[in-house]
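Everything below concerns the one structure shown next.
The values are calculated or read from the model by the stated rules, or taken from the named source; none is laboratory data. Computed from a prediction, not measured in an experiment: that's the story for all the values here. Positions of Cβ are generated from backbone atoms using ideal geometry, with glycine treated the same way; all protein chains shown enter the neighbour counts.
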Amino acid sequence: MATEEIDNIVSGDYKLGFEVDIETDTIPPGLDEDTIAFISKKKNEPEWMLELRLKALVKWQKMIEPQWAHIDYDPIDYQAISYYSTPKVAPNSLDEVDPKILEAYKKLGIPLEEQKQLQGIAVDAVFDSVSVKTTYSEELNKHGIIFCSISEAIQDHPELIKKYMFSVVPMNDNYFAALNSAVFTDGTFVYIPKGVRCPMELSTYFRINALNTGQFERTLIVADEGSYVSYNEGCSAPTRDEHQLHAAVVELITMKDAEIKYSTIQNWYPGDETGKGGIYNFVTKRGICKGDNSKISWTQVETGSAITWKYPSCILKGDNSVGEFYSVAVTTLAQQADTGTKMIHIGKNTSSTIISKGISAMKGQNTYRGLVKIGANAVGARNHSECDSLLIGSQCGAHTFPYLESKDMYGQVEHEATTSKISDEQLFYLRQRGISEENAVSMIVHGFCKEVFSQLPMEYAVEAKALLELTLEGSVG
Amino acid sequence: MILDIKDLHVNIGDKQILKGLNLTLEEGKVHAIMGPNGSGKSTLSKAIVGHYDTRVTQGAILYKGKSILEMEAEERALEGIFLSFQHPIEIPGVNNAYFLRTALNAKRKHEGKEELNAAEFLRVMKGHLEALGMKSDMISRSLNEGFSGGEKKRNEILQMLILEPEVIILDEIDSGLDIDALRAVSEGINKMKDGKRSFLVITHYSRILDYIEPDYIHVLKDGKIVKTAGVELVEQLEEHGYDGIEEQEPLRTRS
């Protein structure tokens, strides 16, 4: 976006309220009922959705921003944020997409074009807040799979949305979830019918583009009985100076014998080494294993954002259900991450695994916060947790806050935590074999993250490795 | 001469460990350094490879006639100086084969050669593994992680065989080895003798010298080489220990 365009938007004489030109691309900063009504109208939403949004707004207005996380930032002025923006022109095909956007996608390694399609991945790319293109829908249609933007789903599948949205993350769950519930602009909806194994990896790329526009994605994935889906979410954003708020909500639901594998690579602008700029990433991700023998697996590689506040969690309601959390969180520069998971064991013989790897370099602060809760009826519940931290340099920090609540005296919970520094001896050993210091560091770091990377789909693992290298570039020596 | 060390003074922290050490390695020869604990044997090996603990305060190390003191550790390695560590460190999660291939390709790139792909590399490695009596699963494990003492030393020798260095420093290569491992390791070392490569065998005990025949024995005492002689010196040391060795006039080996 050219500077003059930005200036126009910032200084532009748009007015609040319904008089706002519906054709406009970005509404001025501020959040009230009019904003919500604008978004809802812009999205062509049914009345019931608008009512839900307004309900969420009222709840949010009564809530207080949480302060408990181990993160530090200047107060956010929620009235200074613009809550809606779209790309200039909504294209019908790739040919109509701004070549600059395509170029940016390319630089970010986002294969929106044929290469990716040939590899069997359907891409629902979200550029700012509106879907640019959805591919492979026909192939998915054959299996009865619904893979569309949440806006489309609200119009086309109201019965599913009414049934499942807010069922895992209630609109008043927390401050940021409430905000999202009021203002979410887009996101993804996936429904896998009974007994269907989704024939391809589903993949959505998010990218924040417009200056000062918070992004509020809303994702809902429902895996019906005996179905399976692997969903990949990858994000990156270009350099910018203004703080940007991102408060997404992701809800996952697995019925009996179903499985959802949810992988994330997050690489939003982290800000500079003084902490200036960068994205605030306050995300609520939660899945419920509703049916017996179902499984939800979260894998995340978090390298970006100035501040990350994120706890992908599993409610293990069905008997024998399984929850997994594999995480690599990297903080460098002045990044802060407070991340972890919650495993809530309700059903019998439920089991959960938590593998968390935190890497801190430069002035990065990395906090693991995890809760394992075993309910009174969760007979035979098991948890295994491993939280490892790796420090690079002496100015960074790692913190671990594991919480355990067990009402079942027979529940089996193991927790291991280690903190290690990349040792000079390890580095020297590799350098003595002719490997450069930079490569030696990335080799040690990859080794540290191996257990998590091995959970990622192949090409994501490759991407994650490259990303990690890029992120830690120059953080040593 | 391939390596020429002149009047080397080295500190570790504030402590002076090497105090004017002179040593010349000849091309194609095996030099053994023997000496009591704390005499500076490991410091010498560390100083040659540019270990971060060592600070050279005086003197010179010339490799093929050029000073290496300003070179980074990895540059020295790429130029052909190899240290078999006394205590090889474990690096969790780093696949041994991947590490070996990365190291080899770094060297090949440095020499302007094509890098090897995984299949080509495995072919190179297979023969070495068999010769060293290493199980093939050792290269798919994490680097040195959970290796026994003998496995670690074999792995060091495997790296030496793959990287084909020109100056090979073996720091206490025989410590912690049983007789089979000692034999395998020695065979690996002897295989590298080609009349061009030079070896610096640092050892406490003479046992390894039965397997790797040295051309010269140097006695290191209190930070200096105090005596240089042929292999017959070993016997003398075994009988009389290091106390019987007095500093002789600096004796340079043939060059």
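Structure values in brief
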read-out	value
Test result for B:Lys107, away from chain A (no Cβ under 13 Å), surrounded by 15 or more Cβ atoms within 10 Å (Cβ to Cβ) and in contact (Cβ under 8 Å) with a residue 40 or more places away in the chain	no
Residues within the range A:165-201 that are more than 27 Å from A:Pro457 (Cβ to Cβ), of a type in the set (Phe, Trp, Tyr) and part of a loop (DSSP other than H, G, I, E, B), tallied	1
Residue in the range B:65-86 that is within 8 Å of chain A (Cβ to nearest Cβ), farther than 19 Å from B:Val10 by Cβ and touching a Cys at 6+ places or on another chain (Cβ under 9 Å) present	no
Conditions (1) facing chain A (nearest Cβ under 10 Å); (2) over 17 Å from the mean Cα position of the chain (by Cα); number of the one not met by B:Val56	(1)
Candidate set: the range A:257-270, residues that are hydrophobic (A, V, I, L, M, F, W, C) and not in a strand (DSSP E or B); chosen: the one surrounded by the most Cβ atoms within 10 Å (Cβ to Cβ)	A:Ala258
Scan of the range A:151-186 for residues that are touching a Pro at 6+ places or on another chain (Cβ under 8 Å) and over 16 Å from A:Lys310 (Cα atoms), ordered by number	A:Ile154, A:Gln155, A:Pro158
Candidate set from the range A:417-447 (those that are without any contact (Cβ under 8 Å) to a residue 24 or more places away in the chain and of a type in the set (Gly, Ala, Ser)); member that is surrounded by the fewest Cβ atoms within 10 Å (Cβ to Cβ)	A:Ser423
Residue in the range B:19-37 that is of a type outside the set (Asp, Glu) and within 14 Å of chain A (Cβ to nearest Cβ) present	no
Selected residue (only one of B:Asn155, B:Asn95 is among the polar types (S, T, N, Q) and closer than 27 Å to B:Ala47 by Cβ)	B:Asn155
Test: residue in the range A:221-233 that is of a type in the set (S, T, N, Q), part of a strand (DSSP E or B) and modelled with pLDDT under 85	no
Neighbours by Cβ (under 7 Å, 6+ apart or cross-chain): first from the range A:353-370, surrounded by fewer than 24 Cβ atoms within 10 Å (Cβ to Cβ); second among the aliphatic types (A, V, I, L, M)	A:Ile355/A:Val452; A:Met362/A:Leu333; A:Lys363/A:Leu333; A:Lys363/A:Ala334
Flag for B:Ile225 being closer than 22 Å to B:Tyr63 by Cα, of a type in the set (A, V, I, L, M), touching a residue at least 24 places away in the same chain (Cβ under 8 Å) and not in a strand (DSSP E or B)	no
Residues being part of a strand (DSSP E or B) and either crowded, with 22+ Cβ neighbours inside 10 Å or β-branched (Val, Ile, Thr) (or both) - total across the range A:374-387	4
Checklist (1) more than 14 Å from chain A (Cβ to nearest Cβ); (2) part of a helix (DSSP H, G or I); (3) touching a residue at least 12 places away in the same chain (Cβ under 8 Å); (4) surrounded by fewer than 21 Cβ atoms within 10 Å (Cβ to Cβ) applied to B:Ile208, failing item	(4)
Filter pass, A:Glu414 being within 14 Å of chain B (Cβ to nearest Cβ), in contact with a strand residue (DSSP E or B) (Cβ under 8 Å, 6 or more places away or on another chain), in contact (Cβ under 8 Å) with a residue 12 or more places away in the chain and closer than 20 Å to A:Thr341 by Cα	no
Among (1) more than 14 Å from chain A (Cβ to nearest Cβ); (2) within 14 Å of B:Leu161 (Cα to Cα), the one test that B:Arg101 misses	(1)
Those residues of the range A:329-344 which are modelled with pLDDT of 90 or more and either surrounded by fewer than 21 Cβ atoms within 10 Å (Cβ to Cβ) or in contact with an Asp or Glu (Cβ under 8 Å, 6 or more places away or on another chain) (or both), in sequence order	A:Lys342
Options B:Glu120, B:Glu145; residue that is more than 17 Å from the chain's Cα centre (by Cα) and touching a residue at least 40 places away in the same chain (Cβ under 8 Å)	B:Glu145
Leading residue by the ranking (farthest from A:Leu472 (Cα to Cα)) among those in the range A:422-436 that are within 7 Å of another protein chain (Cβ to nearest Cβ) and assigned to a helix (DSSP H, G or I)	A:Gln432
Residues that are hydroxyl-bearing (Ser, Thr, Tyr) and either crowded, with 19+ Cβ neighbours inside 10 Å or at pLDDT 95 or above (or both), drawn from the range A:168-181	A:Ser181
Enumeration of residues in the range A:445-462 that are farther than 15 Å from A:Glu233 by Cβ, more than 9 Å from chain B (Cβ to nearest Cβ) and of a type in the set (Phe, Trp, Tyr)	A:Phe453
Test: residue in the range A:401-409 that is crowded, with 19+ Cβ neighbours inside 10 Å, more than 14 Å from chain B (Cβ to nearest Cβ) and among the aromatic types (Phe, Trp, Tyr)	no
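For every residue, the table says whether it meets (1) within 30 Å of A:Asn439 (Cα to Cα); (2) at pLDDT below 95.
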position: B:Val10; (1), (2): yes, no
position: B:Asp14; (1), (2): no, yes
position: B:Met34; (1), (2): no, yes
position: B:Asn37; (1), (2): no, yes
position: B:Ser42; (1), (2): yes, yes
position: B:Val94; (1), (2): yes, yes
position: B:Val124; (1), (2): yes, yes
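A quick yes/no check of all residues on (1) free of Cβ contacts under 8 Å to residues at least 40 places away in the same chain; (2) outside any loop (DSSP other than H, G, I, E, B); (3) more than 24 Å from A:Phe453 (Cβ to Cβ); (4) hydroxyl-bearing (Ser, Thr, Tyr):
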position: A:Asp272; (1), (2), (3), (4): no, no, yes, no
position: A:Tyr280; (1), (2), (3), (4): no, yes, yes, yes
position: A:Gly287; (1), (2), (3), (4): no, yes, no, no
position: A:Ser297; (1), (2), (3), (4): no, yes, no, yes
position: A:Val301; (1), (2), (3), (4): no, yes, no, no
position: A:Ser305; (1), (2), (3), (4): no, no, no, yes
position: A:Gly318; (1), (2), (3), (4): no, no, yes, no
position: A:Val328; (1), (2), (3), (4): no, yes, no, no
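Let's see how each residue does on (1) surrounded by fewer than 23 Cβ atoms within 10 Å (Cβ to Cβ); (2) farther than 30 Å from A:Ser389 by Cβ:
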position: B:Gly20; (1), (2): yes, yes
position: B:Gly35; (1), (2): no, yes
position: B:Thr43; (1), (2): no, yes
position: B:Arg55; (1), (2): yes, yes
position: B:Ile68; (1), (2): yes, yes
position: B:Arg76; (1), (2): no, yes
position: B:Phe82; (1), (2): no, yes
position: B:Gln86; (1), (2): yes, no
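Quick grid of which residues meet (1) at pLDDT 85 or above; (2) among the hydrophobic types (A, V, I, L, M, F, W, C):
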| residue | (1), (2) |
| --- | --- |
| A:Ala378 | yes, yes |
| A:Ser389 | yes, no |
| A:Thr400 | no, no |
| A:Tyr410 | no, no |
| A:Ser423 | no, no |
| A:Gln426 | yes, no |
| A:Leu430 | yes, yes |
| A:Leu472 | no, yes |
